[in-house]
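Worksheet: one structure, shown below.
The values are calculated or read from the model by the stated rules, or taken from the named source; none is laboratory data. Nothing here was measured: the structure is a model prediction, and the numbers come from that model. Methodologically, a virtual Cβ is constructed for each residue, glycine included, from the backbone with ideal geometry; neighbour enumeration extends over all protein chains shown.
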Amino acid sequence: MSDHSPILVWFRNDLRLDDHPALHAAAKSKRPVIPVYLWSPEAEAPWPRGGASRWWLHHALVDLGKTLSDRGSKLVLRMGTDPFKLLRDLLEETGAGEIHWNRRYDSAGVKTDTALKKNLPAKSFRGSVLREPHEIETQNGEYYKVYTPFYKNVISRGDPREPLDAPDGWMHPDSFPKSEVMDDWNLLPKIGWDKAFYDEWTPTLAGAEAQMEAFLESAAGDYKDERDFPAKPGTSRISPYLHFGQISPRRLWHDAKAAAASGDAGGKGVDAWLRQLVWRDFAIHLLFHQPQLDLEPMQEKFSAFPWENNPDHLQAWQRGQTGYPIVDAGMRELWTTGWMHNRVRMIVASFLVKDLRIHWHEGAKWFWDTLVDADLANNSFGWQWAAGCGADAAPYFRIFNPMLQSKKFDGEGAYIRKWVPELKGLSPKDIHAPWEMDAPPEAYPEPIVDHALARDEALEALSSLKD
């Protein structure tokens, strides 16, 4: 192998140039660098990217390609069923001597990484987590199943390392291999349901930086107090940028710390937000150690839970037609924007698995297809948490009352009015339970289940399980 042979840098969920250890190492080598992205949905089974994720991916790749082009480089696109074959072919075409990439921690990613390392010249790096999932252990050398001690372990290690700046430049090959055309991948939807996405999001590197900057300047200081109110701009909305790696968790960590230290953002608010970054690492930690987290309950007894199979109820939930305003508002926000406020995610999840007793798999699949920030670790962990069958999960008997949640976190009904216009004329008193009015709005459906009765039935189903 020549010391001057090119290095392939395989971009994955790290579509950026700064704090990209694989790119940084390749640039530092003083060898030609060939950036590559592979589209292999078959290799992602059983979780190939959903529709909303494909929309984001299309625009993120276009933006990354332009960024690389501006630096005299090129993003080489290849599609196929087998990443191993695609990379092997590229090695042969280019004469490259190594492949660099940042590690993944889901089962499909780990399987691919392991096979590649055994058979191809490869180096992998940590680029998408604060801490590696295998380096955080209990005193007994086991993985954590409860968040608080995991968080304390992470915090005890101090701040993660400072993020790497984007390389000033790197060597380019004399010629780049043939690249496929982005539009030929048909990642964008054909039915136009993504129309509002363009008003809601800027899925670019600049968009990621602007989103975080806006959060630190406006909402970060009040994050701890405002994050649960969906009508308020109290959250960062950085999750899709973080999932696609247009901004790194270490960059977010240190930028938030710097904002708090300078007084631009309140310390308690920033601390609460940083806790969510560690929560993300915890989800990845669990998926790494429990590769079936996306399919099987961590608490085995829930394998025998008597779930309901009711397609009509599932469709009503998906379409935001359950008759419960806060639930319907969340589901309509999701369909329209590709995103849903986190408090409302918990409410709609509880309603599906406890009021309707529909399997959490159905909720996970719908979120996977409709969320622009769909992430396998967070999605699987979140749905098991809601269903009460996962690690550190909310007990199954803790069943959210959608009316009380609505009154507590959307007291004036502003969030509901935005997403359920049939109810925009109702008073704050009536908007949380319109069926109790003497003359309920005819355009809005009656509740598909009675919450009090559904709660009793859910608890009865729970009592049928044996430890």
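Considering (1) closer than 30 Å to GLY109 by Cβ; (2) crowded, with 16+ Cβ neighbours inside 10 Å, say which one THR322 fails and leave the rest.
Of (1) closer than 30 Å to GLY109 by Cβ; (2) crowded, with 16+ Cβ neighbours inside 10 Å, only one is false for THR322: (1).
In segment 343-355, how many residues are surrounded by fewer than 24 Cβ atoms within 10 Å (Cβ to Cβ) and either modelled with pLDDT under 95 or in contact with an Asp or Glu (Cβ under 8 Å, 6 or more places away or on another chain) (or both)?
1
Of the residues that make up segment 78-88, is at least one free of Cβ contacts under 8 Å to residues at least 40 places away in the same chain, acidic (Asp, Glu) and either in contact with a strand residue (DSSP E or B) (Cβ under 8 Å, 6 or more places away or on another chain) or outside any helix (DSSP H, G or I) (or both)? Break it down into steps so the answer makes sense when it comes.
Step one: of segment 78-88, the residues free of Cβ contacts under 8 Å to residues at least 40 places away in the same chain are 84-85, 88.
If we keep only those that are acidic (Asp, Glu) as well, we get none.
No, the conditions are met nowhere in segment 78-88.
For segment 100-138, name all the residues that are without any contact (Cβ under 8 Å) to a residue 12 or more places away in the chain and more than 30 Å from ALA256 (Cβ to Cβ).
Listed by number, the residues that qualify are LYS111, THR114, LYS117, LYS118.
Which condition from (1) under 24 Å from the mean Cα position of the chain (by Cα); (2) closer than 16 Å to ASN342 by Cβ; (3) touching a residue at least 60 places away in the same chain (Cβ under 8 Å) is the one that ALA391 breaks?
Among (1) under 24 Å from the mean Cα position of the chain (by Cα); (2) closer than 16 Å to ASN342 by Cβ; (3) touching a residue at least 60 places away in the same chain (Cβ under 8 Å), the lone unmet condition for ALA391 is (2).
From the list TRP307, TRP335, TRP339, which one is closer than 17 Å to TYR415 by Cβ and surrounded by fewer than 19 Cβ atoms within 10 Å (Cβ to Cβ)? Steps first, please.
Numbers: TRP307 fails: closer than 17 Å to TYR415 by Cβ; TRP339 fails: surrounded by fewer than 19 Cβ atoms within 10 Å (Cβ to Cβ).
Of TRP307, TRP335, TRP339, the one residue that is closer than 17 Å to TYR415 by Cβ and surrounded by fewer than 19 Cβ atoms within 10 Å (Cβ to Cβ) is TRP335.
How many residues does segment 395-409 contain that are at pLDDT below 95 and either in contact with a helix residue (DSSP H, G or I) (Cβ under 7 Å, 6 or more places away or on another chain) or hydroxyl-bearing (Ser, Thr, Tyr) (or both)?
So the first thing to find is which residues in segment 395-409 are at pLDDT below 95, and the list is 395-399.
Right, trim to either in contact with a helix residue (DSSP H, G or I) (Cβ under 7 Å, 6 or more places away or on another chain) or hydroxyl-bearing (Ser, Thr, Tyr) (or both) and you get 396-397, 399.
Qualifying residue count, segment 395-409: 3.
Name the residues in segment 428-467 that are in contact (Cβ under 8 Å) with a residue 24 or more places away in the chain and basic (Lys, Arg), would you?
Filtering segment 428-467 down to residues in contact (Cβ under 8 Å) with a residue 24 or more places away in the chain leaves 431-435, 444-449, 451, 454-455, 457-459, 461-462, 464-467.
Once the filter is applied, which keeps residues that are in contact (Cβ under 8 Å) with a residue 24 or more places away in the chain and basic (Lys, Arg), segment 428-467 yields ARG455, LYS466.
Check THR322 against each of (1) farther than 29 Å from ARG417 by Cα; (2) over 22 Å from the mean Cα position of the chain (by Cα); (3) part of a loop (DSSP other than H, G, I, E, B); (4) among the polar types (S, T, N, Q) and name the one condition it does not meet.
Checking THR322 against (1) farther than 29 Å from ARG417 by Cα; (2) over 22 Å from the mean Cα position of the chain (by Cα); (3) part of a loop (DSSP other than H, G, I, E, B); (4) among the polar types (S, T, N, Q), the one that fails is (1).
What's the total number of residues in segment 399-427 that are touching a residue at least 40 places away in the same chain (Cβ under 8 Å) and acidic (Asp, Glu)?
2
Considering each of ASP264, ASP271 in turn, give the residue that is touching a helix residue (DSSP H, G or I) at 6+ places or on another chain (Cβ under 9 Å) and either more than 29 Å from ILE326 (Cβ to Cβ) or in a loop (DSSP other than H, G, I, E, B) (or both). Before the answer, list the steps.
Values: ASP271 fails: either more than 29 Å from ILE326 (Cβ to Cβ) or in a loop (DSSP other than H, G, I, E, B) (or both).
Residue meeting the stated conditions: ASP264.
What residue, among those in segment 43-76 that are assigned to a loop (DSSP other than H, G, I, E, B) and of a type in the set (A, V, I, L, M), is farthest from THR370 (Cα to Cα)? It would help to see each step written out before you state the result.
Residues of segment 43-76 assigned to a loop (DSSP other than H, G, I, E, B): 45-50, 71-75.
This time we only want the ones that are of a type in the set (A, V, I, L, M), so: 45, 75.
Details: ALA45: 17, LEU75: 27 Å.
Ranking the candidates gives LEU75 first.
Among the residues of segment 20-39 satisfying the criterion of being in a helix (DSSP H, G or I) and out of contact with any Ser or Thr (no Cβ under 8 Å at 6 or more places or on another chain), which is surrounded by the fewest Cβ atoms within 10 Å (Cβ to Cβ)? Write out each step before concluding.
Taking segment 20-39 first, the residues in a helix (DSSP H, G or I) are 21-28.
So of that shortlist, the ones also out of contact with any Ser or Thr (no Cβ under 8 Å at 6 or more places or on another chain) come out as 21, 23-28.
On the way: PRO21: 21, LEU23: 27, HIS24: 21, ALA25: 18, ALA26: 27, ALA27: 21, LYS28: 10.
Once the filter is applied, the top-ranked residue is LYS28.
How many of the residues in segment 126-167 are buried (at least 16 other Cβ atoms within 10 Å of the Cβ) and either polar (S, T, N, Q) or part of a helix (DSSP H, G or I) (or both)?
Step one: list which residues in segment 126-167 are buried (at least 16 other Cβ atoms within 10 Å of the Cβ), which gives 126-131, 133, 136, 143-145, 147, 150-151, 153-154, 160, 163-164, 166-167.
Going one step further and asking which of them are either polar (S, T, N, Q) or part of a helix (DSSP H, G or I) (or both), we end up with 128, 147, 150-151, 153-154.
Of the residues in that region, 6 qualify.
Restricting attention to segment 177-222, which residues are outside any loop (DSSP other than H, G, I, E, B), of a type in the set (S, T, N, Q) and in contact (Cβ under 8 Å) with a residue 24 or more places away in the chain? Spell out the reasoning first.
If we filter segment 177-222 for residues that are outside any loop (DSSP other than H, G, I, E, B), which is where we start, we get 182-185, 197-200, 205-218, 220-222.
Okay, now just the ones that are also of a type in the set (S, T, N, Q), so 211, 218.
GLN211 - this is the single residue of segment 177-222 that is outside any loop (DSSP other than H, G, I, E, B), of a type in the set (S, T, N, Q) and in contact (Cβ under 8 Å) with a residue 24 or more places away in the chain.
Hey, can you tell me all the residues within segment 265-308 that are touching a residue at least 60 places away in the same chain (Cβ under 8 Å) and small (Gly, Ala, Ser)?
Listed by number, the residues that qualify are ALA283, ALA304.
Which residue, of ALA452, ALA439, is assigned to a loop (DSSP other than H, G, I, E, B), more than 17 Å from MET331 (Cα to Cα) and among the aliphatic types (A, V, I, L, M)? It would help to see each step written out before you state the result.
Numbers: ALA452 fails: assigned to a loop (DSSP other than H, G, I, E, B).
Step by step, each of ALA452, ALA439 is checked, and only ALA439 is assigned to a loop (DSSP other than H, G, I, E, B), more than 17 Å from MET331 (Cα to Cα) and among the aliphatic types (A, V, I, L, M).
Collect the residues in segment 299-316 that are assigned to a helix (DSSP H, G or I), within 27 Å of the chain's Cα centre (by Cα) and over 20 Å from ASP328 (Cβ atoms), keeping them in residue-number order. Explain how you work it out, then say what you get.
Of segment 299-316, the ones assigned to a helix (DSSP H, G or I) are 300-304, 311-316.
Now narrow it down to the ones that are within 27 Å of the chain's Cα centre (by Cα): 300, 302-303, 311, 313-316.
Those that are assigned to a helix (DSSP H, G or I), within 27 Å of the chain's Cα centre (by Cα) and over 20 Å from ASP328 (Cβ atoms): GLU300, PHE302, SER303.
For segment 103-125, name all the residues that are assigned to a loop (DSSP other than H, G, I, E, B), surrounded by 18 or more Cβ atoms within 10 Å (Cβ to Cβ) and of a type outside the set (Ser, Thr, Tyr). Full working, then the answer.
Initially, segment 103-125 is screened for residues assigned to a loop (DSSP other than H, G, I, E, B), giving 103-106, 120-121.
Adding the requirement that they be surrounded by 18 or more Cβ atoms within 10 Å (Cβ to Cβ) leaves 103-106.
Those that are assigned to a loop (DSSP other than H, G, I, E, B), surrounded by 18 or more Cβ atoms within 10 Å (Cβ to Cβ) and of a type outside the set (Ser, Thr, Tyr): ARG103, ARG104, ASP106.
Give the number of residues within segment 388-414 that are in contact with a Ser or Thr (Cβ under 9 Å, 6 or more places away or on another chain) and aliphatic (A, V, I, L, M).
The qualifying residues number 2.
Please verify whether ALA52 is surrounded by fewer than 19 Cβ atoms within 10 Å (Cβ to Cβ), within 21 Å of the chain's Cα centre (by Cα) and among the aliphatic types (A, V, I, L, M), treating the condition exactly as stated.
Details: surrounded by fewer than 19 Cβ atoms within 10 Å (Cβ to Cβ): no; within 21 Å of the chain's Cα centre (by Cα): yes; among the aliphatic types (A, V, I, L, M): yes.
Against the criterion (surrounded by fewer than 19 Cβ atoms within 10 Å (Cβ to Cβ), within 21 Å of the chain's Cα centre (by Cα) and among the aliphatic types (A, V, I, L, M)), ALA52 does not qualify.
For the structure I just gave you, tell me whether ILE431 is among the aliphatic types (A, V, I, L, M), in a loop (DSSP other than H, G, I, E, B) and at negative phi.
Details: among the aliphatic types (A, V, I, L, M): yes; in a loop (DSSP other than H, G, I, E, B): yes; at negative phi: yes.
The answer is yes for ILE431.
Return the pair list, or none, for Cβ contacts closer than 6 Å from residues in segment 223-250 that are touching a residue at least 60 places away in the same chain (Cβ under 8 Å) to residues that are β-branched (Val, Ile, Thr) and part of a loop (DSSP other than H, G, I, E, B), at least 6 apart or on different chains.
Final answer for the pair search is ARG227/THR235; PRO240/VAL372.
Can you find a residue that is part of a helix (DSSP H, G or I) and of a type in the set (Val, Ile, Thr) anywhere in segment 281-298?
As a first pass, look at segment 281-298 and keep what is part of a helix (DSSP H, G or I): 281-289.
Now narrow it down to the ones that are of a type in the set (Val, Ile, Thr): 284.
Yes: segment 281-298 contains one or more residues that are part of a helix (DSSP H, G or I) and of a type in the set (Val, Ile, Thr).
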